[in-house]
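The values are calculated or read from the model by the stated rules, or taken from the named source; none is laboratory data. Note that the coordinates shown come from a computational prediction; the quantities given were computed from them, not determined experimentally. We place every Cβ from the backbone using ideal geometry, glycine too, and count neighbours over all the protein chains shown. In case anyone asks, the SASA skips ligands and DNA or RNA and just uses the protein heavy atoms, side chains included. Shrake-Rupley method; radii C 1.70, N 1.55, O 1.52, S 1.80 Å.
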Amino acid sequence: MSVEPSPDYGELQHVVDELFEDKPADHEVRRLDVVLAAESGDLPADLQEVVNLLPPGNYTRLRLCDQLNSIIGGHAWGQVYGTV
C-alpha cells in the first residue's frame with residue numbers, strides 16, 4: 001500500500017530553515033521559538049502536534065532536526081510530511 005504525500009509535505013523543513021537562516025552552526029533556538037514559528041507558519045494539526053511534542057530546551061539545528069525526525073518517525077508520518 002502506497003502512502004500519498006500531504007500537500008504540506010516539507011512544510012516543517014521551511015520552519016526550520018527560517019529559524020536558522022543566516023545563523024552560525026552553533027546558533028540555538030528555544031522550544032518556544034519553534035512553537036511560535038510553527039504557529040505562524042499555519043501548519044496542519046499533525047505537524048503542530050510534532051512541534052508541541054518537543055521537550056523543553058534549546059536546540060541547535062542538528063539537535064532540532066534529530067528531535068523532530070524522531071517524533072515524525074514515531075508517528076510514521078515521514079512519507080506523508082517528510083523529514084527535516
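For the stretch 74-83, which positions are farther than 19 Å from E18 by Cβ and either under 12 Å from the mean Cα position of the chain (by Cα) or buried (at least 19 other Cβ atoms within 10 Å of the Cβ) (or both)?
Residues satisfying the conditions are W77, G78.
Between residues in the stretch 44-64 that are without any contact (Cβ under 8 Å) to a residue 12 or more places away in the chain and within 23 Å of V80 (Cα to Cα) and residues that are open to solvent by 30 Å² or more (accessible area, probe 1.4 Å) and assigned to a helix (DSSP H, G or I), which pairs lie under 8 Å by C-beta distance while being six or more apart or on different chains?
If the second residue must be open to solvent by 30 Å² or more (accessible area, probe 1.4 Å) and assigned to a helix (DSSP H, G or I), the pairs left are Q48/E39.
With (1) of a type in the set (D, E, K, R); (2) exposed (fewer than 14 other Cβ atoms within 10 Å of the Cβ); (3) touching a helix residue (DSSP H, G or I) at 6+ places or on another chain (Cβ under 9 Å) as the list, and R63 as the residue in question, which single condition is left unmet?
(3)
Residues of the stretch 44-60 being open to solvent by less than 90 Å² (accessible area, probe 1.4 Å) and in contact with a strand residue (DSSP E or B) (Cβ under 9 Å, 6 or more places away or on another chain), which ones?
Those that are open to solvent by less than 90 Å² (accessible area, probe 1.4 Å) and in contact with a strand residue (DSSP E or B) (Cβ under 9 Å, 6 or more places away or on another chain): G57, N58, Y59, T60.
Looking only at the stretch 1-43, filter to residues that are open to solvent by less than 30 Å² (accessible area, probe 1.4 Å) and in a loop (DSSP other than H, G, I, E, B); which one of those is farthest from A76 (Cα to Cα)?
L43
Which of the residues that make up the stretch 4-28 are out of contact with any Gly (no Cβ under 9 Å at 6 or more places or on another chain) and among the β-branched types (V, I, T)?
Correct list: V16 only.
Hey, can you tell me all the residues within the stretch 44-77 that are under 11 Å from L12 (Cβ atoms) and part of a helix (DSSP H, G or I)?
D46, L47, Q48, V50, V51, L64, C65, L68, N69, I71, I72
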